[in-house]
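What follows is a single structure, written as structure tokens, with notes after it.
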Amino acid sequence: MKENDFVSIWLEETGNPAIEKLEQLNLEVANKTIKVLAEKNSTENDLAYILDINPDEIKRWFMGRHIFSIKTINEINAALVEIPAKNTKQQAEFQ
């Protein structure tokens, strides 16, 4: 970094608002995904199975350690639609 590079100094002191906004949006995607899974009484493993990825990757998503591309968001959306809602009350009655 140059000594008089105003932009570099400003970013170092204040952070990058665009990156912070992107991090916030990614966290919102993760939280909404968690909410939909909970509403359907489904798990991270259900989502991982449909997306054909390692469940540990889903855990990283939910902890905010992943930047979602539009492609990934579309894949998550399609998978959430595919996951059927599990009605635990009805399942318990039939067991």
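Odds and ends about this structure:
- Counting every other Cβ atom within 10 Å of each residue's Cβ, W10, W61 order from fewest to most as W10, W61.
- Helix 70-82 axis, angle to the chain major axis (alpha carbon atoms, nearest 10°): 20 degrees
- This model, with +1 at the C-beta of Lys and Arg and -1 at the C-beta of Asp and Glu, gives the stretch 8-94 a dipole about its Cα centre of some 260 debye.
- Descending principal axes extents, the stretch 1-69, alpha-carbon based, whole Å: 54, 21, 16
- Within the chain, helix-based [θ] at 222 nm, where runs of 4 or more DSSP H residues each add -39,500 (n - 2.57), nearest 500: -22000 deg cm²/dmol
- Residue order, fewest to most beta carbons within 10 Å, for T33, T72, T14: T14, T72, T33
- Estimated vicinal HN-Hα couplings, Hz - the stretch 53-68 in sequence order (Karplus 6.51, -1.76, 1.60; Gly, Pro = x): 10, 5, x, 5, 5, 4, 4, 5, 4, 5, 8, x, 9, 8, 9, 7
- In the stretch 47-87, the trypsin sites (Lys or Arg not before Pro) that fall in loop regions by DSSP, at most 14 other Cβ within 10 Å: R65, K86
- Extension gain, E20 back to D52 (0.36 nm per residue minus Cα-Cα distance, nm): 8.6 nm
- Of T33, F68, I58, farthest towards positive along the dipole that unit charges on Lys, Arg, Asp, Glu beta carbons give the stretch 8-94: T33
- Sorted by Cβ neighbour density within 10 Å, fewest at the top, the residues K40, K32: K32, K40
Values in this text are rule-based calculations from the coordinates and carry no lab data. This one's a predicted model, so the numbers in the text were calculated from it and none came from an experiment. With ideal geometry, Cβ positions are generated from the backbone for all residues, glycine too; neighbour counts draw on all protein chains shown.
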